[in-house]
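Following: one structure in structure tokens, then a few remarks.
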Amino acid sequence: MSPLELDQLQQCPDIATLQTVLREMCARFGSVTQLNILPAAHAGKQQALCFVRMASEEEEQQLMSGLGIGRFGGELVVVVDLLAEQPSQPAALSSSAA
């Protein structure tokens, strides 16, 4: 369940959408007390670093096992590759070779 579910986050076009989807996903495991999302760029990809805190350690453990989220420095962290808008190829490039 977890890898496929986290793959849904990769479909988010922007931080605002990602925040909504991730908050809903995490809420199934308890109360989200903190959700910080930092934009980042790595190897030409737009990414987001998502830091999540739940109301209790038990809820955080359920979230980690339920979604496969890891912990880094006391925080639950998810790294998401955002959908970068692909520049549209001009039609002339594909038809000029014929």
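Where a number appears in this text, it was derived from the coordinates with a stated rule and is not lab data. Please read all numbers here as calculations on a predicted model, not as lab measurements. Neighbour counts are summed over all protein chains in view; Cβ atoms, including those assigned to glycine, are modelled from backbone coordinates with ideal geometry.
Listed values, structure above:
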read-out: Two-site FRET efficiency, residue 7 against residue 57, from Cβ-Cβ distance with R₀ of 41 Å, rounded to 0.05; value: 0.95
read-out: Cα-only Debye scattering, segment 2-84: base-10 log of I(q)/I(0) at q = 0.11, 0.14, 0.17 Å⁻¹; value: -0.25, -0.41, -0.61
read-out: Cα→Cβ-extended label distance, 7 Å offset, between residue 23 and residue 71, nm; value: 2.5
read-out: Local electrostatic count at residue 11 - Lys and Arg +1, Asp and Glu -1, tallied over other residues with Cβ under 12 Å; value: -4
read-out: Full-extension gain in nm, residue 15 to residue 36, via 0.36 nm per residue minus C-alpha separation; value: 6.5 nm
